[in-house]
Amino acid sequence: MPVRLGLRENLPQFSLLVAINAFVGAMVGLERSTLPLIGKTDFGLASKAAVLSFIVAFGLAKALTNLGAGVFAQRIGRRRLLIAGWTLALPVPILVATAPSWGWIVAANVLLGVNQGLAWSMTVVMKIDLVGPKRRGFALGLNEAAGYGGVAIAAALSGWLAADLAARDVLAVAGAAIAVTALALSVLFVRDTAAHVALEQGSDERAPRLRDAFPDATWRRPSLRACSQAGLVNNLNDALAWGLVPLLLASHGASIGAIGLVAGIYPAFWGAGQIWTGHWSDRVGRKLPIVAGMLVQAAALALLALSGGAVAPAAVAAATLGIGTALVYPTLIAAISDAVAPVARAPTVGVYRFWRDMGYVAGGLLAGVVADALGFSGAIGVVAVLTALSGLVVAVDLRDDQYLKPMRDVIDAHRPNLSGNAPQAVRGRA
């Protein structure tokens, strides 16, 4: 069939990728409310830095995988990398269930990081490929909403079930069911999107090499640099919410069910909000949602630092943090995608996602070490200040005029080609 760009034109495949990304989020959401507590209760870990070591391992594996996925997506194919990601998820629940020591849990999270890096990266890039430039922010909002909706539901359910069942059993059984289902869907129904990339590109331009894409997205281009540092700080916040908040609430007597509720509120607001924020960024530009989101996150963390570990203010802080993250998350990827040619999208997004997920490494180390030295409130306060500063960097470096007007000009100039039939050469490849 002719290859077309657009959300409506590719709705069945787009919807399938949305569903698979919900499974990607659920896989990591299972750990949100329970794994830090398992470290203390099942393995006797006293140091907060030791407990958070699983997040460091997860973040480092995911960051490096994102970097490689961006490069190999052009050579190997998006669909093959997606299938590889789910294949590597299969041992994770087995390792968690049978772990005789905390080192096995850390090893399981290395595999989980690779799974997330491959599977989430490919669902993101494939959706961008399908919809083209016109509704990119909205498409990314739907993608991230599904992923973090999966995180929220899995976090809340695993905390609720762990109140009556063994937490490790909950993680193992649910993780196995998710991994097997998502792998089957990917193998049987997902199609590759190389022809859509070729249609949007409209030329024989080659993808940039990693040695060119990496400095561009890291320091050479101010707008890309601003997005990369904001992504890193955003996931630094997420590492803190994942690792420290359950310990903070538990230290003040919260039940595991209440901890699961707070752990689920944050990604629930994050996930649901992205449907609107991604669409909004298509209309107003990328800078305003990103800067506003970083400042809202900083305010939420300040409230959490002052909460004293009480469940009610922690829940309000979690909801506010989710709103701030919803403003930032899909918009950053859309801004990166706007700034580069379609053929350069996968490697450049891969570099951005590398730095974003290095935030888990930085957050796990920083939050653990500072919490051991200054307590929970001190660690959360330090991260709140870093988040506000990151938003100011985006306000200075990110240029919206570089994105929206040129992209709208491209859409208007090529509107028949973007919404119509593919050229004959692309039809043949499809």
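The values are calculated or read from the model by the stated rules, or taken from the named source; none is laboratory data. Treat the numbers as computed from the prediction; the structure is a model and nothing was measured. Quick reminder, even Gly has a Cβ in these numbers, built from the backbone with ideal geometry, and neighbours come from all protein chains shown.
From the list M126, M122, the one residue that fits, being buried (at least 24 other Cβ atoms within 10 Å of the Cβ), in contact with an Asp or Glu (Cβ under 9 Å, 6 or more places away or on another chain), assigned to a helix (DSSP H, G or I) and aliphatic (A, V, I, L, M), is M126. Checking the structure you have, find out if any residue of region 182-192 is out of contact with any Gly (no Cβ under 7 Å at 6 or more places or on another chain), basic (K, R) and within 23 Å of F23 (Cα to Cα). Among the residues of region 182-192, at least one is out of contact with any Gly (no Cβ under 7 Å at 6 or more places or on another chain), basic (K, R) and within 23 Å of F23 (Cα to Cα), which makes the answer yes.
For region 296-335, which residues satisfy the criterion of being assigned to a helix (DSSP H, G or I), touching a Leu at 6+ places or on another chain (Cβ under 8 Å) and surrounded by fewer than 24 Cβ atoms within 10 Å (Cβ to Cβ)? Selection gives V296, V311, P313, A315, V316, T320. Looking only at region 376-394, filter to residues that are of a type in the set (A, V, I, L, M, F, W, C) and within 11 Å of A302 (Cα to Cα); which one of those is surrounded by the fewest Cβ atoms within 10 Å (Cβ to Cβ)? Ranking the qualifying residues of region 376-394, first place goes to V385. When G103 is tested against (1) in contact with an Asp or Glu (Cβ under 7 Å, 6 or more places away or on another chain); (2) surrounded by fewer than 17 Cβ atoms within 10 Å (Cβ to Cβ), exactly one condition is not met: (1).
Checked against the criterion of being within 14 Å of A230 (Cβ to Cβ), at pLDDT 95 or above and of a type in the set (A, V, I, L, M, F, W, C), the candidates I290, I333 yield just one match: I290. Beta carbons closer than 9 Å, at least 6 apart along the sequence or on distinct chains, never pair a first residue in region 8-32 that is within 24 Å of I265 (Cβ to Cβ) and in contact (Cβ under 8 Å) with a residue 60 or more places away in the chain with a second that is of a type in the set (S, T, Y) and in a loop (DSSP other than H, G, I, E, B).
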